[in-house]
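Trainee: Right, I'll just put the structure down here and ask away after.
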Amino acid sequence: MNLAFRDVRHNLFRFVLTCLGLGLLLAVVLSMVGIYNGLVVDALTITRAPRVDVWLVEPGTKGPFAEASRIPAELREAVARLHGVAAAGGVTYQTAEAEFVGGSLRVYVVGFEPGRPGAPEDLVAGRPIVASHYELVADRRTGLALGDRLRLGRNRFEVVGLVENHVNSGGDPAVYLTLRDAQTLQFDLAPPAARVQRARGALPQSQDTLNAVVARLHPDASPEDVARSAHGWKHLSTLTQAEQETLLTKSVVDRARRQIGLFMAILLVVSAVVIALILYTMTMEKLRSIATLKLIGAPDRTIIGLIVQQALTLGGVGFGLGVLLVSVVKDHFPRRVVLETENALVLALIVAGVCILSSGLGVRAALAVDPSTALGG
Amino acid sequence: MQPLAPDRVVLLERIAKHFGEGEARVNALSEIDLEVRSGEVVALLGPSGSGKTTLLNVIGCIVEPASGRMHLDGELVYDGRWLRGDLRRLRLEKIGFVFQFHNLLPFLDATENVAVAVELAGHSPDAARRRAIELLDHLEVSHRRDALPARLSGGEAQRVAIARALANGPRIILADEPTAALDSKRAGIVMDLLRRLAAEQDACIIAVTHDEKIFDRFDRIIHLRDGRLDSGANGHDAPQPALPSRFAPSPKDAARA
Ligand SMILES: Nc1ncnc2c1ncn2[C@@H]1O[C@H](COP(=O)(O)OP(=O)(O)OP(=O)(O)O)[C@@H](O)[C@H]1O
Ligand SMILES: [Mg+2]
C-alpha cells in the first residue's frame, strides 16, 4: 500500500492548498523567465523586421538604436549603387505620443520607403501602404484596428494594415509610415517656430534626412567589402545585421536583462527555501507516525519512500499548476512573455532537484527519530 | 522433563540498563533475570519509575541494555551488544506491541493500519488485506474497518491496535498499560481477548498494568522495584526451573561478559 498517497489523501485539502501556493510561486518564476526571454526577443524584432544584411549609419556612430544617427537621404541612392548591394532603403525611427480617441498612445514610429527594404513585410491583416501620405501599418499591441484613425503630430493617419510583435527594446509597439510622413513628423518645426526661424533669416533646414540606410546584399557579396566601400566613398559607418543584434542585446537591454536575471535567481532561491520548509514541516508533523512505523518494523526504505514520494508529488503538482497558470495569463502581460519548452524543462529539473535535496532534510530527521518516541502518550 | 529450549520465548540474564552518567545516573534496570514461556501471560507491576517501560523496551529491542544477555524465541540477540543488525526485522517478525494509547497511523483506516504490518513482512497487498479483515473480524471490530482512527472509540482503536500487534503471528506480545484508557468492563474484554489470541498463536504476553481488576487474567505477576525484580512477590506457582544447559553461559561468553 502506498503510504505517501494515503497520507496526502488524509490531508488532501491542505496538500492541495500547498500545491496551489507552490504553483503560484513557480508561475511567478516562469513568468520572470518568460519576461526575460521576451525582453531579448523584443529587442531584436525591430532590427530583424526589415530583413536586411547591413545597416549604414552616421559616421562614427552605432545607430540607429544604440545611438542617434542622421544621414542625408541622398546617400540611399549611393548605397544602392555600391558593388554587392541588391537593394537599399532609407529608414527613420522615433518614439512618439499619438492621440487616439481622446487618449494618448506611445508608439515607435518607423518611416520607410514603400517597395524598398525597411517596409513591414509580415502583415497579419489589411494591406501594405499604397498612398504616399496619411496611411499607416500598426502593431497589434497598439490596440488599433483596421480603419482606425490616429493623430500623429499635426496629421491624422488611417490604419490600413496590422503586424504582430513589432516593438522596440522598450516595448513600445511600432507604427510604420511612409518615409515622407515620418520625416515630417520628426523634422518639421511647428508653424510658430518655423516663422521665428524664417524671421531670423535662417535657411530652412533640409528635411530630407534619414536615421539609417538598410541594405540587402547579393548572396555572394560580403558585408565586409560593402562596409569598406561605404566607408571609403561616403564615410558611412556600417553594422552588419549580426553586429546590430549583438549591440542591442549586449548594450541596450543588457542592464534590464541582468536586472531580471538577478531577480529570477532570487525568486528561484526563495522557491527552493519555501519548498524545503514545506517538506521539512510535512515530515516533522509525521514524525510520530514515522516512529510508529519504525516500531512495528518498517525498514528505512519505506520511510524514505514515503517522504521522497510526497516531495516529488508536491513538486510535480505545483509545477503543473504553475505552467498551467502561466500559459493562461501570459498573453495578458503588457510586454511579451516568451516561454520555450526548454525553459520549462530546466525549471522542472530544478524543482525536482530541490524537492529531492530538501526531502533529504526531512529524511535525516525521520531516520534519526527513535522508535520509542511512538510510545509516549 | 525439562521444557525444550524454544518453549522459553523470552530469556533475560543479568540485564542492566542505566540512563545518564555520574550525578545524573539512573539505574533503570539492574541484574534482571527473567524467563517467560510460550503461552504464558505475565503481568508486570511496580511503582512509577521502577523501570517497567524500560524493561518492555529492552525486550522489544527498542532500548539497548548496558550489559547482560537476552534470548528471544531461542535466538541469542544481545550479549553485551546487539548480535542482530536488523532489529526492525526482528520486531516485525517476532514482537507485537500494544500501548496505552493506540498508536495507530492517523492517515490509514482500521483495515490498512493492520494490513500495513502484514505488507511490511513481505506479503502481497491482497493477502495483507485479507489477513487484516480476518483479524478485525476476530476482534469484533470489522464493522468499523473503514473508519479512520480519529473516528474510533477508545476500545475499538485498542482492538485495532491489538490486531496490528498480532498481524504477523508474533511469539512475544508486549503491552504497556493496554487497558489504562478503557473502562473496567472493556479492560476485561480486551484482556480476555489478548489471552485467547495469545493462546491460539502460542505467544507469550508481558503486560504492564496497574489495573487490579484484571489481575486474575494473568498466569503470573512479577514485581519491579527500583529496577530490580522482587522475587519474593513472584506469583509463579512453581519454582523456577534451572536454566537448560543450552542457555547457560559458556566459559567463553562468561569471559567476554
Ligand atoms: N530516556 C530516558 N532518559 C533518562 N532517564 C530515563 C529514560 N527513560 C526512563 N528513564 C528513567 O528510568 C527510570 C525507569 O523509567 P520507566 O519509564 O521504565 O518507569 P515505569 O516503571 O515505566 O514508570 P511509569 O509507571 O511511571 O510508567 C525512571 O527513573 C526514569 O526517569
Ligand atoms: Mg511506564
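The values are calculated or read from the model by the stated rules, or taken from the named source; none is laboratory data. What you are looking at is a predicted structure, and each value in this text was computed from that prediction instead of being measured. Counting neighbours? That spans all protein chains shown, and the Cβs are built from the backbone with ideal geometry, glycine included. SASA here: full protein model, heavy atoms, side chains in, ligands and nucleic acids out. Shrake-Rupley method; radii C 1.70, N 1.55, O 1.52, S 1.80 Å.
Trainee: Measure nothing fancy, just the Cα-based angle from helix B:125-138's long axis to the longest principal axis of chain B, in degrees from 0 to 90, nearest 10.
Mentor: Helix B:125-138 sits at roughly 90 degrees to that axis.
Trainee: Ignoring ligands, DNA and RNA, how much accessible area is buried between chains A and B, both sides summed, with a 1.4 Å probe, to the nearest 100 Å²?
Mentor: Roughly 2200 Å² of accessible surface disappears when A and B pair.
Trainee: What is the angle, in °, between the Cα long axis of helix A:341-368 and the longest principal axis of the Cα atoms in chain A? Nearest 10 is fine, range 0 to 90.
Mentor: For helix A:341-368, the angle is close to 20 degrees.
Trainee: Accessible area per residue of segment A:54-220 at 1.4 Å probe, in Å²?
Mentor: Accessible area per residue: 48 Å².
Trainee: So which residues of segment A:1-27 lose at least 10 Å² of accessible area, probe 1.4 Å, when you go from the chain by itself to every protein chain present?
Mentor: A:M1, A:L3, A:R6, A:D7, A:R9, A:H10
Trainee: Let me check I've understood the local charge: for B:S124, count other residues with C-beta under 12 angstrom from its C-beta, Lys and Arg +1, Asp and Glu -1. What total comes out?
Mentor: Around B:S124, the surrounding residues sum to +1.
Trainee: Can you tell me how much longer the chain between A:V346 and A:T281 gets when fully stretched, taken as 0.36 nm per residue apart minus their C-alpha distance, in nm with one decimal?
Mentor: 20.8 nm is the gain from fully extending A:V346 to A:T281.
Trainee: Which number do you get for Rg(Cα) / (2.2 N^0.38 Å) in segment A:54-220?
Mentor: 1.07
Trainee: In addition: Summarise the accessible area of the protein assembly as shown (1.4 Å probe, protein heavy atoms) by the percent that is carbon and sulfur.
Mentor: Whole-percent figure for carbon plus sulfur exposure: 55.
Trainee: Still on this structure, please answer the following. How much of the pair distance distribution for the protein assembly as shown lies past 39 Å, counting alpha-carbon pairs only, in percent?
Mentor: It works out to 56 percent of all Cα pairs.
Trainee: Which shape class, rounded, prolate or oblate, goes with chain A when its Cα gyration tensor gives a ≥ b ≥ c as root eigenvalues, a/c under 1.5 marks rounded, and past that a/b bigger than b/c marks prolate?
Mentor: Prolate is the answer for chain A, as a/c is 1.5 or above and a/b outweighs b/c.
Trainee: Quick check: the angle from helix B:154-166's long axis to the longest principal axis of chain B, C-alpha only, nearest 10 degrees?
Mentor: Between helix and principal axis, roughly 60 degrees.
Trainee: Where does segment B:8-232 land on Rg/Rh, using Cα atoms and the Kirkwood Rh?
Mentor: 0.97
Trainee: What residues does segment A:290-311 have that are buried by at least 30 Å² of accessible area in the full protein assembly compared to the chain on its own, 1.4 angstrom probe?
Mentor: A:T292, A:L293, A:K294, A:L295, A:I296, A:G297
Trainee: With the Cα gyration tensor of segment A:239-314 giving a ≥ b ≥ c as the square roots of its eigenvalues, does the rule (a/c under 1.5 for rounded; else a/b larger than b/c for prolate; else oblate) give rounded, prolate or oblate?
Mentor: Taking the square roots of the gyration eigenvalues as a ≥ b ≥ c, segment A:239-314 is prolate.
Trainee: Percent of alpha carbon pairs in segment A:9-72 separated by more than 17 Å?
Mentor: Percentage above 17 Å: 66.
Trainee: Another one. Report, please, the projected area of segment A:254-377 averaged over directions, based on the convex hull of its C-alpha atoms, in nm².
Mentor: For segment A:254-377, the mean projected area of the Cα convex hull comes to 9.5 nm².
Trainee: Leaving out ligands and nucleic acids, note down the accessible area per residue over chain B with a 1.4 angstrom probe, in whole Å².
Mentor: I get 44 Å² per residue for this part.
Trainee: Which of rounded, prolate or oblate describes segment A:1-139 when judged by the alpha-carbon gyration tensor and an a/c cut-off of 1.5?
Mentor: Judged from the Cα gyration tensor, segment A:1-139 comes out prolate (a/c at least 1.5, a/b above b/c).
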